[in-house]
Amino acid sequence: MHRRTSLLSGLFALVVLGVAGQSWGDEGKLRITGYVQNQTGVFISRDKTSFETFDGYPYPTNHGDKFGKLSMLRNTLLLDADYRPLSWLRFKAVFRGVFGPPLSADAEAQTPNVPGGTKWAQKREDYVAEHFYNRAELREVYVDLRPESYLLFRIGRQLVGWGETGQYRLLDVVNPVDSTWHFGALESFEDQRIPLFMLRMVVDVPNAHGGVDIVYVPMIPYLDRSEDTVTVPLTLVGAWGLPISPRQGDASVSSSKIRNRVFEYPDRKHQNGRAGARWFGEIGPVTYSLIYFYGHQLSPPIPKYYVTGDFRGVDVTLDFPRQHQFGFSLQGVLPFPASTMLRAEMLFEPDRTHPCYSELKKPYKPPTPEDPTNIAQFLRKEKFTINYAVTIQQPLKVKFLNPREVFVLALQFYHSFIPTLKASSLEQCASNEGDCILEVPGFDSTLMRKHHFRLGGSLQTSYLRGMITPKFSFAWVFAANGFKEDFKDGGALISVGLDFALKNFKVGVALNEFLGKDPYYGMGFFRDRDEVNIKVRYQF
Amino acid sequence: MNSTRMKALVGLIGLVLCTGVKAQTEGVNAIFAHEPDTEGFEPGVAVNKGNIGDFEKFLPEGLKILVEQFGLEISTVPYEPVLPSKGYAEKTERNRGKSKAIETKDIRTKGIEGYEGGLPFVDPQTGLEVMWNQFFAYQGDDGFIEFDVFVASQGLGVERHETWRWEFVQKGMYRTDLPAVPEFEKRGIVYASKATCLRPYEKAHTVALQYRYDKPRDQVGYIYVPFLMRPIKAVVGAVGVPWNQTDMLFEDIKGYSLYPEWTKWKLLGKRTILVPMHPKVRRPEDAVDLESPPGFKPRLAFEPRQVYVVEGKSKFFTSQYGKVILYVDAETFYIPLKEAFDKGGKLWKVFLNVWDASQGSPPPFVLALAVDIQKRASTLFVVKNYGFNVGYGFHDFDVTRVNQGD
């Protein structure tokens, strides 16, 4: 892959140099924009790690010890080239090179083939840096062909963004995500999406006030790496990854005992191809879209096999099952108070696969004298899952705080529910009563409730012609089996930031606070990741 | 064909063409041309701080401030008429007297009846009639410009520099130059605009699509946000909202870019002022000094032109301005000069808009300077490229096109 990346990067540079004599900014010419950026963060949480010992193994009861450690040190060069030699032809390429040193906060990463324990901490840190913090890639490379005014073909490595509600990304089902370097909600979607090679056709249908967007991901070998076709599992990193699980139902599957996690990434063969379509249009004042996509469940990976043998610990295999998804979105202007935008989207997942409580396994291959490996199959359940989200965006004039610019207030509500879920307690799950499915694989602390909610909001304005932009955002996560039934508070995220922009420079400072009572549920997973983050960008 | 015959034929064709053009221009002149009052005006003079008193009669307060405090250098040239296309002139003639302006109290009721194209009021008698003329002024049926925008202040110099491409359908309905586009008419879209940021990176590929309707509905549109990879529906160009975090509001674009019904108008009179309608610049960027923010020392030729002086007070409580004074060119109904006052009645901003009629008809919009004289900050627009009557279809302004970030 590295060789291929270098080759493609070289070609990209040649194309850029070949036409760079023409000035950008004019129709039909090459336009190059981009930025150089440094992003540095420091953890400020005082949480301490604690352990209990059981059966000779140490099991964590809390995660922490990150105070003063770097949460990230990421340097980025991004070049975006856009070339339109003819009105019906466009080339686009985006190069991104990132560089960052290994971070001590990644010592807890649960990397493949590197054992746990302090002895191997440096190896795990190096693994994370090598795989996720240092990369040079042509993220997007595609050609647009427009043989007719109503018809567009886009062929190449690209990103597709479907849906309307932004943060919740319900209908944004095409590209997987890499949020290994920072908490996902704090970074832009564009940076996190993993591009895929696709064939895309967009047809405008003006008579029906709409159009159709058809996407096919052929999963051709060599064009995408298998691991880049799904969302990167957050166990693979430490600074912004999931912590090592505590002792739970079946202590044998706790992270500290896992010798090797084997991810069965989707094979790059046409049988694993993905395809979908989106119809988008307008009815009166309302804009709507309908989508269908058949692909893989991009996240989380679902535990499949549990393997023991003549070695210490266990091996766990995880995969990314196939999945159908369909849904719709709406957006329109409300008649009051004024300039009020309402956006909503709904996603149905008829066959979403959920992992089960860790003790629930069935024999798959017993050991034999020739082959001492004993393989059990983790239970998993397919459940019809319904998700919807509503966003209201309201510009506000608060003259005594900002006489010139408006404040933009956005409130977001998300609800996910599993209508047929037979809710159960941990005690019931120990005897396989109820559905016993988990939100996060490997964490029995995340026993699924019927309803999951997220309530979020943001407020921002700007001063001095956009030079100073204060921002505030929050998200609260909670779940329940019914009204006031088994209510579980999942904690909250609060982010306060200030951006300064002058000439080509932009400096952003943010304080990000994660609140969560349970260190192994919801935002509690990240409660030791409170951080101060500074971003310095030079753009052109 | 020998050369003598050839010359004779060319001469004959030229004669016929000249006669045709003359006749056509005479007809158009009768409706549109407004000879200015040039008493006391002298062409070929450089107006600066030193001799500004000699041109008091021709310089409104805002223009004087630009000369005295922000380095505007004026060279005077004689008046030249600026006339619309034959199609626009014919429609004006054909529909003369049919339009009726209606003073509306609420902001959603249509404020004109009987309008069918061309200039609605050949001899406007009220501020509202002048502003309907401005709303339907001849600017071609569609077109585009590419421009640089510089946001500046006295303390920090140029704070921001961006490049944009702005495509527009000036006449979705009531066309005069190009064939009708039924899709615009069916949807009641009078005006459509698509602005695409070309640089810098963070804004590049941002697309703002906006429709203005035959009825005074909110100007709804879509903004394609590159990092979201999707367009979001939005009310674009609401009253009191700055354009792109600058000192210029959406409503200040080209002097006034809201519905006439959304402001209460009063005609203060008609006078002759200096206007840069033939600015005598080879390239717009040559007319400004980018090293001299916030005024940028524009060097432009101004000519005496008749303007309607119109006072406007917004019907919206969200308006930032106490009132505005618009100097509306009596021939083109463009707004070369605007003065905006704060709620306390103090002059706050001055807007200088420059069209270049020497480039042909319609004259391209080549330069604009918005100056906050209280905070001594400014926004400068310098046009790099333009085109008119290019023949856009509805699909060029459809949300489906914005969906692709195109």
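General observations
- Residues of the stretch A:356-411 that turn out to be under 30 Å from B:Gln245 (Cβ atoms) and surrounded by 14 or more Cβ atoms within 10 Å (Cβ to Cβ), as a count: 18
- Beta carbons closer than 6 Å, at least 6 apart along the sequence or on distinct chains, pair a first residue in the stretch A:82-97 that is in contact (Cβ under 8 Å) with a residue 40 or more places away in the chain and farther than 24 Å from A:Glu130 by Cα with a second that is hydroxyl-bearing (Ser, Thr, Tyr) and assigned to a strand (DSSP E or B) for A:Phe91/A:Tyr83; A:Lys92/A:Tyr142.
- Identity of the residue in the stretch B:257-274, under 30 Å from B:Val77 (Cα atoms) and open to solvent by 20 Å² or more (accessible area, probe 1.4 Å), that ends up nearest to the other protein chains (Cβ to nearest Cβ): B:Leu268
Conditions (1) touching a helix residue (DSSP H, G or I) at 6+ places or on another chain (Cβ under 7 Å); (2) part of a loop (DSSP other than H, G, I, E, B), marked per residue:
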position	(1), (2)
B:Arg271	no, no
B:His278	yes, yes
B:Arg282	no, yes
B:Asp289	no, yes
B:Pro293	no, yes
B:Ala301	no, no
B:Glu339	yes, no
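Residue by residue, here is whether (1) modelled with pLDDT of 95 or more; (2) part of a strand (DSSP E or B) holds:
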| position | (1), (2) |
| --- | --- |
| A:Asp435 | no, no |
| A:Leu459 | yes, yes |
| A:Gly490 | yes, yes |
| A:Val496 | yes, yes |
| A:Phe514 | yes, yes |
| A:Phe525 | yes, no |
| A:Asp528 | yes, no |
| A:Lys535 | yes, yes |
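- Annotation note: of B:Val149, B:Val122, the sole residue that is of a type in the set (A, V, I, L, M), open to solvent by 10 Å² or more (accessible area, probe 1.4 Å) and modelled with pLDDT of 95 or more is B:Val122.
- Residue match in the stretch A:274-281 (condition: in contact (Cβ under 8 Å) with a residue 60 or more places away in the chain, within 23 Å of the chain's Cα centre (by Cα) and within 14 Å of chain B (Cβ to nearest Cβ)): yes
- Some residue of the stretch B:203-214 being surrounded by fewer than 21 Cβ atoms within 10 Å (Cβ to Cβ) and either within 21 Å of B:Glu311 (Cα to Cα) or of a type in the set (A, V, I, L, M, F, W, C) (or both): no
- Scanning the stretch B:240-254 for residues being buried (at least 23 other Cβ atoms within 10 Å of the Cβ) and outside any strand (DSSP E or B) gives a total of 5.
- Scope the stretch B:216-239; condition of a type outside the set (Lys, Arg), more than 7 Å from every other protein chain (Cβ to nearest Cβ) and part of a loop (DSSP other than H, G, I, E, B); matching residues: B:Pro216, B:Gln219, B:Val236, B:Gly237, B:Val239
- Complete set of residues in the stretch A:450-465 that are surrounded by fewer than 18 Cβ atoms within 10 Å (Cβ to Cβ) and either in contact with a helix residue (DSSP H, G or I) (Cβ under 6 Å, 6 or more places away or on another chain) or closer than 18 Å to A:Phe400 by Cα (or both): A:Leu459, A:Gln460, A:Tyr463
- Residues in the stretch A:319-343 that are out of contact with any Gly (no Cβ under 7 Å at 6 or more places or on another chain) and modelled with pLDDT of 95 or more: A:Asp319, A:Phe320, A:Pro321, A:Arg322, A:His324, A:Gln325, A:Phe326, A:Gly327, A:Phe328.
- The residues on offer are B:Thr263, B:Thr272, and the sole one that is among the hydroxyl-bearing types (Ser, Thr, Tyr), farther than 20 Å from B:Glu167 by Cα, in contact (Cβ under 8 Å) with a residue 24 or more places away in the chain and touching a Ser or Thr at 6+ places or on another chain (Cβ under 6 Å) is B:Thr263.
- Residue ID - farthest from A:Tyr127 (Cα to Cα), chosen from residues in the stretch A:178-207 that are more than 11 Å from chain B (Cβ to nearest Cβ) and among the hydroxyl-bearing types (Ser, Thr, Tyr): A:Ser179
- Filter result (part of a strand (DSSP E or B), open to solvent by 40 Å² or more (accessible area, probe 1.4 Å) and among the β-branched types (Val, Ile, Thr)) within the stretch A:188-231: A:Val205, A:Ile214
- Where a residue in the stretch B:41-67 is modelled with pLDDT under 95 and open to solvent by less than 70 Å² (accessible area, probe 1.4 Å) and its partner, wherever it lies, is of a type outside the set (Val, Ile, Thr) and in a strand (DSSP E or B), with Cβ under 6 Å and at least six apart: B:Phe41/B:Pro304
- Evaluation of A:Ala105 against (1) away from chain B (no Cβ under 14 Å); (2) more than 24 Å from A:Ser256 (Cα to Cα); (3) open to solvent by less than 10 Å² (accessible area, probe 1.4 Å) (one fails), failing number: (2)
- Residue within the stretch A:310-324 that is under 24 Å from A:Ala389 (Cα atoms) and open to solvent by less than 40 Å² (accessible area, probe 1.4 Å) present: yes
- Of the criteria (1) open to solvent by less than 10 Å² (accessible area, probe 1.4 Å); (2) away from every other protein chain (no Cβ under 13 Å); (3) over 17 Å from B:Val310 (Cβ atoms), which one B:Lys280 fails: (1)
- In this structure, A:Arg157 qualifies as more than 11 Å from chain B (Cβ to nearest Cβ), under 19 Å from the mean Cα position of the chain (by Cα) and over 30 Å from A:Ile244 (Cα atoms).
- Evaluating A:Asp528 against the criteria (1) more than 14 Å from every other protein chain (Cβ to nearest Cβ); (2) without any contact (Cβ under 8 Å) to a residue 60 or more places away in the chain; (3) over 19 Å from the mean Cα position of the chain (by Cα) leaves one unmet condition, (2).
- Residue within the stretch B:323-332 that is away from chain A (no Cβ under 11 Å), closer than 30 Å to B:Pro182 by Cα and not aliphatic (A, V, I, L, M) present: yes
- Test result for A:Glu148, surrounded by fewer than 17 Cβ atoms within 10 Å (Cβ to Cβ) and more than 14 Å from every other protein chain (Cβ to nearest Cβ): no
- For first residues located in the stretch B:293-316 and of a type in the set (S, T, N, Q), partners that are assigned to a strand (DSSP E or B) and lie 6+ apart or on another chain with Cβ distances below 7 Å form the pairs B:Gln306/B:Lys270; B:Gln306/B:Thr272; B:Ser314/B:Thr263.
- The stretch A:468-492 - residue that is crowded, with 18+ Cβ neighbours inside 10 Å and over 26 Å from A:Ala423 (Cβ atoms) and, of those, nearest to the other protein chains (Cβ to nearest Cβ): A:Thr469
- Taking residues in the stretch B:346-368 that are free of Cβ contacts under 8 Å to residues at least 40 places away in the same chain and more than 13 Å from B:Val383 (Cα to Cα), and partners anywhere that are open to solvent by 10 Å² or more (accessible area, probe 1.4 Å) and hydrophobic (A, V, I, L, M, F, W, C), the pairs with Cβ atoms closer than 6 Å and at least 6 places apart or on different chains are B:Trp348/B:Phe341.
- Listed conditions (1) open to solvent by 30 Å² or more (accessible area, probe 1.4 Å); (2) modelled with pLDDT under 90 are all met by A:Gly161, apart from (1).
The values are calculated or read from the model by the stated rules, or taken from the named source; none is laboratory data. Predicted, not measured: the structure shown is a model, and the values here were computed from it. Using ideal geometry, Cβ is built from the backbone for each residue, glycine included, and neighbour counts are taken over all protein chains shown. Just the protein is used for accessible areas: all its heavy atoms, side chains included, with ligands, DNA and RNA removed. Shrake-Rupley method; radii C 1.70, N 1.55, O 1.52, S 1.80 Å.
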